[in-house]
Amino acid sequence: MIKMTRNEAQLLLAGIRVLHHLNGRSPTPEELADLLQHSASSVRLQLAFLDDLGVAALVKSAFETHAEIRDHLAVEELPAEGGPEISEDLRDFDRRKAEEAEKMSKLFESGEHQEQQRQKMDRMGKDLEDFKKKKPVNPFGDD
């Protein structure tokens, strides 16, 4: 379970207010993450936590999910000190995910993937030729 301080929750609510003012609509979790310079996954977890408390709501539509403030006074019930215990793990996860995406893009850009596919098709063609060269075996044993 994620734990948030009162200040962290107020910062998230302030981000929602600022982006709503600037864009004229409720912000997405990704927009909040960009504004606050946090990972999108940690912002989503924090919003889910605030949603459970009734402070904010994650409203899902057919096109996107956006955050809205419901009861900003409920933030006062949160402790003044402490913080999310999972944030370091989320940063590590986001870093590994970015490294994996970079590795995949390099694989496709370098042409290595196409070379692997070509080699695989060559092996399959050779196996097919070898199969065709084999003498058929009569299943009834009449050789």
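The values are calculated or read from the model by the stated rules, or taken from the named source; none is laboratory data. As the structure is a computational prediction, the values presented were derived from the model and not from experiment. Positions of Cβ are generated from backbone atoms using ideal geometry, with glycine treated the same way; all protein chains shown enter the neighbour counts.
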- Task: Report yes if some residue within the stretch 65-83 is among the hydroxyl-bearing types (Ser, Thr, Tyr) and either over 26 Å from Asn23 (Cβ atoms) or in a helix (DSSP H, G or I) (or both); otherwise report no.
- Result: no
- Message: So the check is Cβ under 9 Å with 6+ separation or different chains; which pairs have a first residue in the stretch 49-69 that's more than 22 Å from Thr5 (Cβ to Cβ) and without any contact (Cβ under 8 Å) to a residue 40 or more places away in the chain and a second one that's of a type outside the set (A, V, I, L, M) and part of a strand (DSSP E or B)?
- Response: Val59/Thr65; Val59/His66; Val59/Glu68; Lys60/His66
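With the condition kept exactly as written, say whether any residue in the stretch 89-99 is of a type in the set (Asp, Glu) and more than 33 Å from the chain's Cα centre (by Cα). Explain how you work it out, then say what you get.
Our first condition is that a residue be of a type in the set (Asp, Glu); within the stretch 89-99, this holds for 89, 92, 94, 99.
Retained after the next criterion (residues that are more than 33 Å from the chain's Cα centre (by Cα)): none.
Checked the stretch 89-99: no residue is of a type in the set (Asp, Glu) and more than 33 Å from the chain's Cα centre (by Cα).
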- Message: So for the stretch 84-91 (the condition being surrounded by 13 or more Cβ atoms within 10 Å (Cβ to Cβ), free of Cβ contacts under 8 Å to residues at least 12 places away in the same chain, assigned to a helix (DSSP H, G or I) and acidic (Asp, Glu)), does at least one residue qualify?
- Response: no
- Quick one: which of Leu107, Leu128 is farther than 22 Å from Ala9 by Cα, in contact with a helix residue (DSSP H, G or I) (Cβ under 9 Å, 6 or more places away or on another chain) and not assigned by TED's automatic domain parsing to the domain that holds His21? Leu107
- Top-ranked residue of the stretch 110-143 - restricted to ones that are of a type in the set (Asp, Glu) and more than 51 Å from the chain's Cα centre (by Cα), ranked as modelled with the lowest pLDDT: Asp143
